[in-house]
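Student: First the structure, which I've put down as structure tokens, then a few questions once you've had a look.
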Amino acid sequence: MHRRLLVVLVPLAVLLVTALGVPLSVTVAEREIQETYVDRLNDVGRFSSLAETALSTGRTEALQQELARYHELYGIPVAVIDTSGTVLLGPAGAYEAAARDEPALPRIVTAALAGARPEPSGDWAPWDDSALVVAEPVGRDSEVVGAVVTISDLSKTRSRILARWARLAGLGLLPLIALVAVAWPVSAWVLRPVRELDAASSRISQGDLTIRADAEAGPVELRRLAESFNTMMDAVENAVQRQRAFVSDASHQLRNPLTSLRLAVESLEPHLGEDGGGRQVYDVAVDELKAMQRMLNALQASARMESIRTASPVDLDAVLATRVERWRALTETAGQTLTVDVPPGLRLLEPSGGLGSILDELISNALRLSDAQVVEVTAQIDPGATEGGPGAETGRTPDEVGRGGGEVGRGAGQVARGRGEGRAGS
């Protein structure tokens with residue numbers, strides 16, 4: 001979530017800095033070029049005044065020397081040309097060499113010879129290499145006898161522009177860095193209730209219903225959300241506690257009658273007949289009572305749990321290793337055969353009631369509710385149990401068939417006809 005906030009905020013800040021920085025950078029570059037142009041314009045204005053005097057008097061030696069010194073000092077060729085474009089004074093070689101690379105020179109010179117002051121020709125863009133050509137007419141009105149022309153290399157000016165741009169970029173990075181530095185702790189403060197709510201919901205999904213979210217920190221909206229979450233969890237916890245209390249009370253109330261019933265049934269053992277039919281019914285009744293006692297014990301253990309147990313991974317091999325021998329003994333006692341065909345290394349989610357107890361009930365149902373000769377335990381995608389016996393009576397629902405099986409009554413209801421083989425699937 002932090003990264004998402006920064007992804008939203010940083011581009012907006014970059015756009016804002018760019019919207020302010022680009023016009024400012026253009027203004028800085030134009031100002032540098034303007035200062036250079038004004039400086040050259042003052043120089044050619046002075047040289048134009050000197051040239052007019054020198055050409056009218058014929059004393060050009062002093063001006064020639066000054067033009068040469070100016071070129072040596074600044075590296076800028078300055079030439080005085082006549083109306084035909086011929087260089088009269090100045091470093092002719094340097095001027096002609098610089099003039100060959102300036103396509104705008106003829107236009108500027110023509111305008112100057114016409115008595116006008118042309119606009120500067122130089123492009124201020126740092127990636128351009130054109131020079132700044134400035135021309136000033138010598139004479140006034142119709143008495144223009146020539147022009148003073150300078151061709152200035154703008155590499156130093158462009159270097160200054162790049163340096164100014166670099167400083168502006170550095171200044172533009174400062175608010176971005178400050179934004180990131182401030183946005184991180186601020187977003188952490190804003191999202192802390194969300195993280196705590198996520199942690200609380202994770203703990204609740206693991207069965208801990210006592211956890212609550214902190215409703216005292218963060219923005220108002222998130223505090224209200226945390227309060228609503230806590231209110232919901234209070235209602236859920238109260239409902240679970242009432243459910244546990246009901247289960248605990250019901251199991252306690254059923255335990256004594258069930259114990260009395262078992263004692264009464266076991267007291268009938270000495271009165272069983274010799275034909276063996278009564279013994280079979282007696283054994284079935286005792287097994288059912290034991291199964292009901294196990295169910296009550298499981299209900300009481302579930303009611304005493306401090307948290308709701310969720311499904312957890314379990315090795316099927318470990319579960320079968322503790323029960324297969326007992327299943328074999330039960331099937332042999334019933335005159336049936338148990339086969340286990342489960343691939344090794346399988347892992348699956350164990351439900352809250354325990355996988356072993358569910359399989360125990362499935363095996364018990366397969367033995368009690370069918371006349372199958374073989375009970376087969378296999379690993380299948382869909383949990384269930386099938387037997388090859390005569391099946392359930394027509395018109396009885398699965399719930400009616402498995403009503404005494406508690407949690408696994410559904411498996412007992414999946415009785416199907418077959419060829420004398422029973423299956424308990426996992």
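Coordinate-derived values only; no laboratory data. Predicted model, so just to flag it, every value in this text is computed and none were measured. In this analysis, Cβ positions are derived from the backbone assuming ideal geometry, glycine residues included, and neighbour counts consider all displayed protein chains.
Student: Name the long-range amide H neighbours of Gly146: under 5 Å, sequence gap of 5 or more, or other chain; modelled H, no Pro or chain starts.
Tutor: Sorted by chain and number, the residues that satisfy this are Val138.
Student: Per 5 Å bin, what is the whole-percent P(r) computed from every C-alpha pair distance within region 2-161?
Tutor: Cα pair-distance distribution for region 2-161, in percent: 1, 9, 16, 18, 16, 11, 7, 5, 4, 3, 3, 3, 2, 1, 1, 0, 0.
Student: Residues with amide H under 5 Å of Leu338's amide H, sequence separation 5 or more or different chain, H placed in the peptide plane at 1.01 Å from N; which?
Tutor: Val375
Student: Can you give the Rg to Rh ratio for region 163-235, taking only C-alpha atoms and Rh from Kirkwood? Present the calculation step by step, with values, prior to reporting the outcome.
Tutor: Values: Rg = 19.6 Å, Rh = 14.6 Å.
Rg/Rh: 1.34.
Student: Whole-Hz Karplus ³J(HN,Hα) for region 356-362, in order, using 6.51 cos²θ - 1.76 cosθ + 1.60 and θ = phi - 60°, x for Gly and Pro?
Tutor: Listing the rounded values in order: x, 5, 5, 5, 4, 5, 5 Hz.
Student: What ranking do Val78, Val247 get, fewest neighbouring Cβ atoms within 10 angstrom at the top? Kindly include the intermediate steps, with their values, before the conclusion.
Tutor: Working: Val78 27, Val247 16.
With the sparsest Cβ surroundings first, the list reads Val247, Val78.
Student: Neighbour counts of other C-beta atoms within 10 Å: give me Trp127, Trp327 arranged from fewest to most. Mind showing how you got there, number by number?
Tutor: Numbers: Trp127 7, Trp327 21.
Ranked by crowding around the Cβ, least crowded first: Trp127, Trp327.
Student: Please report the relative contact order for region 39-116, taking Cα pairs under 8 Å with a sequence separation of at least 6, and give it as a percent rounded to a whole number.
Tutor: That works out to 18 percent.
Student: What ³J(HN,Hα) values, in whole Hz, does the Karplus curve 6.51 cos²θ - 1.76 cosθ + 1.60 give for region 244-260 when θ = phi - 60°, with x put for Gly and Pro?
Tutor: Karplus-based 3J(HN,Hα) across region 244-260 equals 5, 4, 5, 4, 5, 5, 5, 5, 5, 5, 7, 4, 5, x, 5, 5, 4 Hz.
Student: If you plug each phi of region 186-200 into the Karplus form 6.51 cos²θ - 1.76 cosθ + 1.60 with θ = phi - 60°, what whole-Hz ³J(HN,Hα) values come out, in order, with x for Gly and Pro?
Tutor: 5, 5, 5, 5, 5, 8, 4, x, 5, 5, 5, 5, 5, 5, 5
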